[in-house]
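Taken together, the values in this text are just the output of simple stated rules run on the coordinates, not laboratory data. Everything quoted here is computed from the prediction, not taken from an experiment. Note that we place each Cβ from the backbone using ideal geometry, even for glycine, and neighbour counts take in every protein chain shown.
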Amino acid sequence: MNRLILIAFCVCTGSIQAHEVRPAYLEINAAGENEYSVIWKQPLLNGRPLSLQPDFPSDCARSSTRIEALGTEALIERIELQCASSLEGRIIGVSGLTKTLTDVLVRVQLGDGVTTTLLRPESPTTKLGAGRSAPLASYLQLGIEHLLFGIDHVLFVIGLMFFLDRIGPLVKTITAFTLAHSLTLGISAIGLVRIPQAPIEAVIALSILFLATEKLRGTTDTLLARRTWLIAFIFGLLHGFGFAGALNDIGLPRENLLLALLLFNLGVELGQLLVVAAALLVARATARWFSPTPRIVWQAPVYGIGAIASFWFVSRTASIVFA
């Protein structure tokens, strides 16, 4: 497992500024004849909103707009929309989406039915129609993307793998991490516990730094070395609150709450398994290149992971202190 240099370097050089890629949320509810109540919620990046705005047909006018800040994590805009004709069967979209990595979950209630659509940078528009069924699979896709593009979570999983040399302990450790983040993701997403994301993200960065530091120390008689699964479980509880940030941003559909939560969590797990599988493939490939393995081969990515985690911890802590 110590031969993960390529995948670690690819991740480390991706973007040291990376935070989780969180989706935006657009909700449209019929409020009267050709009148609509709109909720537009988008994540803040370094305290600033993205250059995204919902696009409605040209015959729709905003009669009122109210903007609310959800701490330093998201911006909510409540819009009253008056259109010349019904929105059903017409095209809406989000401008600026093609220039981002962000997805937008669109929830529409025009009549008796509710539809849910996922807008992506490559498909930033959708045709509204009350007759289509809501694709809850969107939550599965969001979960996969949230893990794969959440670079800090990826680095933590890779960091754990540096302490494991056999498949048995690897399965045990990943299972412990999964159970822990599933628990806190669930209780946070349904509103039983709410913790601000800023301190959670800072502690997540600290957890990655802890793994890197312990690996570079090379001590085998530590709790982390002897009970890697236990450390994975403890930190997994924190990462679960981090995963819940995406669901807190977009919310869960009231009519299918448990199923949407299950699909999102399953998506996170599938994304995690993809990371583990890729790391194992790289480990096997690099094993053929280096025999025996020079110390620098595994030290370099660990130093890189530790440096990035240090930067994240300092910057995220500073954003809390000076907010």
Subject >> Cut-off under 5 Å, modelled amide H: who pairs with D55 long-range >> reply: G93, V94, S95
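In which sequence would E201, E122 go, from the one with the fewest C-beta neighbours within 10 Å to the one with the most? Numbers along the way, then the final one.
Values: E201 25, E122 7.
Placing the least packed residue first, the sequence is E122, E201.
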Subject >> Residue order, fewest to most surrounding Cβ atoms within 10 angstrom, among Y25, Y139, Y303 >> reply: Y303, Y25, Y139
Original post:
If one puts a single equal scatterer on every Cα of region 171-245 and applies the Debye formula without solvent, what log₁₀ I(q)/I(0) results at q = 0.19, 0.20, 0.26 Å⁻¹?
Top reply: -0.78, -0.84, -1.14
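Quick one: R107, R166, fewest Cβ neighbours within 10 Å first, how do they rank? Each step should come with its number before you reach the end.
Values: R107 20, R166 9.
Placing the least packed residue first, the sequence is R166, R107.
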**OP:** Let me see the pair-distance distribution of region 24-134: every alpha carbon pair, 5 Å bin width, integer percents in order.
**Re:** 2, 12, 23, 25, 21, 12, 5, 1
